[in-house]
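**Student:** Mind having a look at this structure? Questions to follow.
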Amino acid sequence: MSSSGIRFDSVTVAYDGNVVLDGLDLTVRPGEVMALLGPSGSGKTTALRAVAGFVRPALGRVHLGDRDVTELPPHKRGIGMVVQSYALFPHLRVEDNVAFGLRARKVARAEIRTRVAEALEMTGMAAYARRHPRELSGGQQQRVAIARALAIRPAVLLLDEPLSALDARLRSGMLTELARLHRDLPDVSMLYVTHDQVEALTLADRIAVMDKARLQACGTPQELYRAPANEFTASFVGNANLLPVTVTAESVIFAGTELKTATTTPPGPATLCLRPHLVGLGDGPNRLTGTVREIQWRGATHRLHVDVDGHRVLADLGELKHPPALDETVTLHFAPEDAVLLGATDG
């Protein structure tokens, strides 16, 4: 297997003068799963296509391992790719779909049989080798697509929204399978494009957050969740209360209430980021008083929407035996160490 890892060196892609990826600098380490997370039009799929060789950068270089592949055609890059539509050949049996890339590379017949069997076993599809795609469920078809990508033994595996066509139950199961594959293939670098934060948080070693053609932040899921770099990252990686505050030398002021935080920014306007599950109901430090506008029961939890001086504050609480009533005045609280201050220039 060739050296893995991906490096974007100031990669810019433009279509008809419209920049869709702007100066991306990003490194995916050997054996790492990097999720590109962002809304539609953020540039994440364009970045993946630049690695695959389907688009050519206007500026910058793309490296796979120690090779500059910017000018190489897709079939010479040695990558595996899985897309959301499965892209299986309906007239071919499962084993022949998986063998397709190997035959295109003119691999010996005996080696093809070995690799196909290995890839189907790895993805739990060995018992379905003789079936056609139409005889498989959506989740099974996606497993075959992954097996096909793995059969060529790529150093880099690209996954473009691979679970978006599946229902919630199948998606959860496939996430578990992808995590297992990651453990079984410690040398393969994976670039995983998604707009689903749960997929990114569950699977990725690190997440690159994209918006408006630019990289907004990059870090481990824990880093981005607990200490987001800006408002966009805070709102896109998990739920967040983003409250406008004024920072003084002594404290933080929100809606006329003095608060304490463990982080600081220069005096002036700022944003306080507070995760809903870190908000408590009742007396405690950093008290906020407001009016209940909505109550959502979610089985094991209740979510309260509380109006605090015209600002909506979400509180995700354990299941309440006696939840407050609509329009009732309640007191919320949070610990100083659970809030993160984002400066006015962030986001």
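The values are calculated or read from the model by the stated rules, or taken from the named source; none is laboratory data. No experiment lies behind these values; they were computed from the predicted model shown. Reconstructed Cβ throughout: ideal geometry from the backbone, glycine too, with neighbour counts over all protein chains shown.
**Student:** For the range 142-156, does any single residue satisfy the condition of being in the same structural domain as D96 (by TED's automatic domain parsing), in contact (Cβ under 8 Å) with a residue 40 or more places away in the chain, assigned to a strand (DSSP E or B) and buried (at least 24 other Cβ atoms within 10 Å of the Cβ)?
**Tutor:** Yes, that holds for at least one residue.
**Student:** Report yes if E250 is more than 28 Å from Q296 (Cβ to Cβ), of a type in the set (D, E, K, R), at pLDDT below 95 and assigned to a loop (DSSP other than H, G, I, E, B), otherwise no.
**Tutor:** Yes.
**Student:** If you go through the range 46-89 one residue at a time, how many are assigned to a loop (DSSP other than H, G, I, E, B), surrounded by 15 or more Cβ atoms within 10 Å (Cβ to Cβ) and not hydrophobic (A, V, I, L, M, F, W, C)?
**Tutor:** Number satisfying all stated conditions: 8.
**Student:** Does V193 qualify as being outside the structural domain of T265 (by TED's automatic domain parsing), touching a Lys or Arg at 6+ places or on another chain (Cβ under 7 Å), touching a residue at least 12 places away in the same chain (Cβ under 8 Å) and not in a helix (DSSP H, G or I)?
**Tutor:** So V193 fits the description; yes.
**Student:** I would also like to ask the following. Can you tell me which of (1) out of contact with any Asp or Glu (no Cβ under 7 Å at 6 or more places or on another chain); (2) β-branched (V, I, T); (3) under 12 Å from L342 (Cα atoms) is the one V209 doesn't meet?
**Tutor:** (3)
**Student:** While we're here: So, D309, is that one of a type in the set (D, E) and on the phi < 0 side of the Ramachandran plot or not?
**Tutor:** Against the criterion (of a type in the set (D, E) and on the phi < 0 side of the Ramachandran plot), D309 does not qualify.
**Student:** Here's another thing I want to ask about it. When the residues of the range 185-210 are narrowed to those that are touching a strand residue (DSSP E or B) at 6+ places or on another chain (Cβ under 9 Å) and of a type in the set (S, T, Y), which ends up nearest to I152 (Cα to Cα)?
**Tutor:** Per the criteria, the residue is S189.
**Student:** Can you tell which of L259, L314 is crowded, with 18+ Cβ neighbours inside 10 Å, aliphatic (A, V, I, L, M), more than 29 Å from the chain's Cα centre (by Cα) and within 24 Å of T233 (Cβ to Cβ)?
**Tutor:** L259
Residues checked against (1) at pLDDT below 95; (2) under 16 Å from T329 (Cα atoms); (3) aliphatic (A, V, I, L, M); (4) assigned to a strand (DSSP E or B):
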| site | (1), (2), (3), (4) |
| --- | --- |
| T263 | yes, no, no, no |
| C273 | no, no, no, yes |
| E294 | no, yes, no, yes |
| L304 | no, yes, yes, yes |
